[in-house]
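This report refers to the structure that appears directly beneath it.
The values are calculated or read from the model by the stated rules, or taken from the named source; none is laboratory data. Here the structure is a predicted model, which is why all the values come from computation and not from measurement. Every residue, glycine among them, receives a Cβ derived from its backbone with ideal geometry; neighbour counts consider all protein chains shown. Just the protein is used for accessible areas: all its heavy atoms, side chains included, with ligands, DNA and RNA removed. Shrake-Rupley method; radii C 1.70, N 1.55, O 1.52, S 1.80 Å.
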Amino acid sequence: MSDPRLQRLTSAENTAIGLATGAIDVSTTQWVLYCKNASQQGLPLTMNPRILYRGYTMSLTNMCVLSGLQFPLTAIATGIFTGGKQRKLSDSEEIGSAFIGGVLSGFICAPMELVMIQQQRKGGTLLDTTLKMLQGGHIFRGTIAMAAREGLCAAAQFSGAQLRRAINSAQF
């Protein structure tokens with residue numbers, strides 16, 4: 001959000017960008033996510049797409065909501081840092097805005113990610129898995145850790161963008 005032109009995007013435009021990036025991300029990497037979770041849980045690896053893409057609907061929903069929220073929440077945090085004025089942010093303001101947007105989105109999306117992981121692990125329908133998680137009282141398990149992870153990931157993404165800009169503008 002450092003570029004003042006990006007600060008002029010509406011909440012709807014920021015949300016649309018987030019939704020699109022979330023859909024692209026999940027559609028291209030769901031199989032990798034399954035392999036990561038399977039190896040962490042001691043489950044067998046497979047090439048069966050019915051297993052690799054188990055939990056895809058919840059994963060897609062989660063990532064679209066997560067990305068769809070991070071963009072406008074980061075924009076709101078940017079407005080707090082700038083006092084509502086359009087100006088170039090300092091590096092720390094840009095990273096701080098992204099961190100705040102990431103943390104807030106993590107609190108909302110943690111239950112969805114937990115349902116997706118349980119679907120990958122045990123199968124079952126989206127509704128059945130969600131109901132089991134609600135009934136067991138486990139639906140908010142890991143929420144604080146995920147919020148912290150999302151804050152750090154969003155901040156790191158903005159830091160990476162700053163590094164690329166510095167490299168691209170460097171005179172050698």
Condition check for V103: of a type in the set (V, I, T) and exposed (fewer than 14 other Cβ atoms within 10 Å of the Cβ): no
Filtered residues of segment 1-54 (kept if of a type in the set (A, V, I, L, M) and farther than 29 Å from S97 by Cβ): A38, L43, L45, M47, I51, L52
Only one of N62, N37 that is touching an Asp or Glu at 6+ places or on another chain (Cβ under 7 Å) and in contact (Cβ under 8 Å) with a residue 40 or more places away in the chain: N62
Selection from segment 22-40 of residues that are open to solvent by 60 Å² or more (accessible area, probe 1.4 Å) and polar (S, T, N, Q): T28, S39, Q40
Top-ranked residue of segment 71-95 - restricted to ones that are more than 16 Å from the chain's Cα centre (by Cα), of a type in the set (G, A, S) and on the phi < 0 side of the Ramachandran plot, ranked as most open to solvent (accessible area, probe 1.4 Å): S92
Close pairs from segment 80-96: first without any contact (Cβ under 8 Å) to a residue 40 or more places away in the chain, partner open to solvent by less than 60 Å² (accessible area, probe 1.4 Å) and acidic (D, E), Cβ under 8 Å, at least 6 apart: F81/E93
